[in-house]
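Novice: One structure coming up, written as structure tokens, with questions to follow.
Bear in mind these aren't lab numbers, they're just calculated from the coordinates by the rules spelled out. Please read these numbers as outputs of a predicted model, since none were measured by experiment. Because the Cβ atoms are built from the backbone with ideal geometry, glycine has one as well, and the counts that use them run over all protein chains shown.
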Amino acid sequence: MRKTLVIANPNSGAGRLGKCWDHILKQIQEQSGQSVDWELTTRQGQATELSREGVGAGYNLIVAVGGDGTANEVLNGFDMTADHEDGPTLGLLPFGTGNDLARSLGIPKDMAQAIELLNQQQTRQIDVGKITALDDSGCIVTRHFLNVADFGSGGAIAARANGTTKVFGARFTYIWSILSTITTFKNPEITFNVNEEENRTVVANNVVVANGRHFGSGLTPAPEARMDDGLFDVVLMGDFGLVEGALNLPRLMKGTHLSHPKVRSCRAVRIAARADRRVQIEADGELVGVLPATFEIMPGALMIKA
């Protein structure tokens, strides 16, 4: 019999998850046909601790209920150095304000359908991104991500969005965060190399390191990305200013921006970068550190219900 641990963030969906948690839990138990263990988080980072404990306790399915940040925390409780066949499968019940990971994976937004997917035999093997960076105190940190990481204006935008109420919806919050950030953001000079080849130095607004296709509540920075091809889609947004960036935002939404002359893209297994000033990194919507950093793909490192 499958041993399942459900980890839920009651603050997800602007607090709506906590209000309807009893109903969702009843749905999970009824559709699984068995009792499941569950925990509600009370603080940032706790989902990682609970996930790590669940791995040690031998749960073979650990389910994240919430937004992309909750899924990221649960992932970071997994032992990514172990063979994926020895570790648990990750389940995802999207209940955030953005749900970009679910969109990239094709997991339905409807809760009943997402729960039904958990109970099917089908699992999918996907890649995981690994970031090695610095925290604000200068210590080296390692963080894994599922969907998309970026550095440049993306880190500043995530910081602003995470500190803003989402009562008007995730898309409005993120667009407002983009527009309000780029009014004052100064594009840094970034030195980077792809696949340990020669260094290149450019002035860039943002660099996206994508495992999945979507971020920012439905934006499509990497329209050709696949989560099981063993490669990142790296998209460099060049020296965009306020007006030019705002005018091209619709193209970023539709995923038609790759043909812009100030946008470059490539596929990679590794990218390393440093900058001439403090540049924040975000992954799956959460701030994880600052440059210098390396981003490495871990092919087929995770089994997921998707």
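Novice: Between Gln125 and Ala246, what length in nm is gained on full extension when 0.36 nm per residue of separation is reduced by their alpha carbon distance?
Specialist: 39.9 nm
Novice: Which number comes out as Rg/Rh for region 4-122 once both Rg and the Kirkwood Rh are worked out on C-alpha atoms?
Specialist: That ratio is 0.93, to two decimals.
Novice: Charges at C-beta only: +1 for Lys and Arg, -1 for Asp and Glu. How large is the resulting dipole of the chain about its Cα centre, in Debye rounded to 20?
Specialist: Details: 29 positive and 34 negative charges, 189 e Å.
Rounded to the nearest 20 debye, it is 900 debye.
Novice: Rounded to two decimal places and with Rh computed the Kirkwood way over Cα pairs, what is Rg over Rh for region 189-270?
Specialist: 0.96
Novice: What are the ³J(HN,Hα) values, in whole Hz, obtained from phi via the Karplus relation 6.51 cos²θ - 1.76 cosθ + 1.60 with θ = phi - 60°, for each residue of region 289-306 in sequence order, with x given for Gly and Pro?
Specialist: Listing the rounded values in order: x, 9, 5, x, 7, 10, 10, 10, 8, 10, x, x, 7, 9, 9, 9, 7, 7 Hz.
Novice: OK, next. When DSSP assigns beta bridges and you keep just the ones with both residues in region 59-188, what percent turn out antiparallel, to the nearest 5?
Specialist: On the way: 6 of 12 bridges.
In region 59-188, approximately 50 percent of DSSP beta bridges are antiparallel ones.
Novice: Stretch Leu179-Thr132 to full length: gain in nm at 0.36 nm per residue minus the Cα-Cα span?
Specialist: Working it through step by step, the gained length comes to 14.0 nm.
Novice: Could you pull out every one of the aspartates and glutamates with an alpha carbon less than 13 Å from that of Lys254, ignoring same-chain neighbours closer than 8 positions?
Specialist: Here the aspartates and glutamates satisfying the reach criterion relative to Lys254 are Glu224.
Novice: Can you check what the net charge comes to around Val269, using other residues whose Cβ is under 15 Å from the Cβ of Val269 (Lys, Arg +1; Asp, Glu -1)?
Specialist: -3
Novice: Let me ask something additional. For a quick protection proxy, order the peptides 30-43, 265-278, 51-64 by their average other-Cβ count within 10 Å, most packed first.
Specialist: 51-64, 265-278, 30-43
Novice: Can you find, among His260, Met298, Gln280, the residue farthest towards the positive end of the dipole of region 128-299? Put +1 on the C-beta of Lys and Arg, -1 on that of Asp and Glu.
Specialist: Positive-end residue among those listed: His260.
Novice: Looking at the chain only, what percent of DSSP beta bridges run antiparallel? Nearest 5 please.
Specialist: About 75 percent, rounded to the nearest 5.
Novice: Under the Kirkwood approximation applied to all pairs of distinct alpha-carbon atoms, what is the hydrodynamic radius of the chain in Å?
Specialist: Values: mean 1/r = 0.0513 Å⁻¹.
Taking every pair of different Cα atoms in the chain, averaging 1/r and inverting gives 19.5 Å.
Novice: Averaged across orientations, what area in nm² does the convex hull of the alpha carbons in region 128-299 project?
Specialist: Its Cα hull, projected and averaged over all orientations, spans 9.1 nm².
Novice: Can you tell me the convex hull volume per residue for region 60-113, based on C-alpha atoms, in Å³ to the nearest whole number?
Specialist: 83 Å³
Novice: List the residues, sorted by chain then number, that are 5 or more residues from Gly98 or on another chain and whose placed amide H is less than 5 Å from its amide H.
Specialist: Asp68
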